[in-house]
Structure formats: C-alpha cells, structure tokens
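Nothing in this text is a laboratory measurement; each read-out follows from the coordinates by a stated rule. On a predicted model such as this, the values are computed, not experimentally measured, just so you know. Ideal geometry is used to build each Cβ from the backbone, glycine not excepted, and the neighbour counts take in all protein chains shown.
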Amino acid sequence: MDSHRERRKRRLTVLRKPFDRGAVFPFVFVHRDTKQPHQELPDHVHDWEEIVYVHRGRGTFLIDHRLYPMREGDLFVIPGNTVHRANPDPDDPVTSSVVFFDRSLIGDRSLGESFSLFAAFDRAKSERNHRISLRPETRRTVERWLDAVHDEISLLRPGYRHAVAIALARLLLELGRETAARVPEDGRASEPPAAPPWIRDALDLLERRPGAAVTLASLARNANVTPAHFSRVFRKATGMTVTSYRIMKQIVLAKEALMNTDDKIAAVAERCGFESLPHFYRMFKRHVGVSPAAFRKRHRPRRP
C-alpha cells in the first residue's frame, strides 16, 4: 500500500514535458485529440510556447490564475513557464489540436517592422488573457494551417520540417493579426459560471502573493466557507489542490528570478516563500527536473 508521503508527493508533482531547448527541431504536435477528464494531463508547466485550438466539445481551462470556458472555435495561447490545466466536460469532451514549440524554431526578426510573430503570446502575457475567440474566417484559416502541419508530419516528405516551420510562422502571423484587431477583454468576464466569485478572488490573491504564507484555512475564512468545502470546490474548478497550485506559482516565480536576476539562490528561495533553502532545492528539482543552479546555468543568456 502506498504511504501517505508517496501519495502526497504524487499530488504535488507537476508534469514536466520532456522539451529540450537545444533540440534541432523544437516542435511537438497533437492533432484532433479527444480526452476524457481522467485522461487529461495533470497540471503542468514547461518552457515552450503552446497553442491549443478547440475543434469541438466543452470544458474549462485553468491558465496562470484565470479560469476560461473551452468552446468550439476557441484558441488559447500559453507562453512558456505558465501553469495550466484543462478540464474537459465528461458529457461533451473537448477535441483539440495542440502545438508546442520553442521560439528558436521561428526566430524573431523585426524586418524593420514593429510587428512580431509572437505578438499573440506577448499580448497574452501582458494582458493576462490567454483566450482568443476567433472569427469564422480566421477559424477556417487556423484549421487549414493545422491540417497542413498534420499532413507534413504524417507524410514525412523531404523538407517536411521546413514546411512545418513555414506553416507555424503563417499560423503565428494570423494570430498576431487577429490579436492586433481585438479589443482587450475583461479577464474576469472569462470566468465560467460554475466557479463561485470567491474562487476567482482566491486565485487573484494567490497570484498577487505567491510567496506569502497563504493557507487553506485563511482562504476559506475569506470566502466564508469551511476549509473542506473550499478545497472541494477549488479542486473541481481548477483540477488542482490549493497546495499544488501555490507551489506551482512559487516555482514559476523562482524560474523567472533565476533567469532574469543575479540574486543569490538563497535570496530567490526566501522571496518566493519557500520555508528553507533545502525545501526550495527539493521542490524545484522535483518539479523542474534539475537544481536551481543547473537551471540558471542552462537558461541564462551567455554574456560577452
């Protein structure tokens, strides 16, 4: 029989997709896949960009600290290092196509324009709104390019990798143009009705204070419900426990600090709310797969 510690470890473990930033062809594609809730991936985070297009079905999607309904024709852009988890409706499961890629596959040359092929991702990150409700004509274009990628990967003709990169660039171009013409949406309006307002408030609080000592008891007290009820509703809405979600947000914050600052690892651990340096090392390696020092060495740009 599994020990309590082993069960708890599984609950806290995030899926680490085996994406190699140094891969020659940093691209993975899943075409028109249908998953039941029990088949859905656990909460996960990775360094590659991700595009999810919903062909049909319904569900909810936790991305960062927002809950979005998933509906036919919706497209989600998920920047690297973002916690996310899909929850398909058991009666009408989502069929979706998913694109994973590293930006190095496309590059980001300006060509004298202010436009970027990664505009949809950059806007999603800055506005904290990851869903794009596509117009019918854009949906047809997106589906055409997704089908083109599927054909190239299936047939494996000479030059298929170049063809995939070109198709991905055209898809990113369409998404960039679509988001440029889009009026900014209120992220709160994206909440599915099934999620009570106090769940949204809790997610907002955990987003604002990922390193603070926020407990299940304090969240339940703020919501004026019992801890057991809060835990049950939170997990139903997000697919995650409060503890798992909080640790994921701390890990994401730590990864950003390790990549973008020269702070000592002990200072990063303290600022991100880990109870001790050994605890930080243990949690970071469990969820990221390498130590904080190895992660920083691998992801920091080389200096002249």
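Of the peptides 117-129, 157-169, how do they stack up when ordered by the mean number of other Cβ atoms within 10 Å, highest first? Each step should come with its number before you reach the end.
Working: 117-129: 18.5, 157-169: 15.2.
Packing order, densest peptide first, comes out as 117-129, 157-169.
From the alpha carbon centroid of segment 270-287 to that of segment 43-59 is 28 Å.
Legend: distances between Cα atoms for Lys236/Lys264; Lys35/Lys236; Lys236/Lys285; pairs beyond 26 Å are Lys236/Lys264; Lys236/Lys285. Take segment 197-299, drop everything but the C-alpha atoms, weight them equally and run the Debye formula without solvent; then report log10 I(q)/I(0) at 0.22 Å⁻¹ to two decimals. The Cα Debye sum returns log10 ratios of -1.07.
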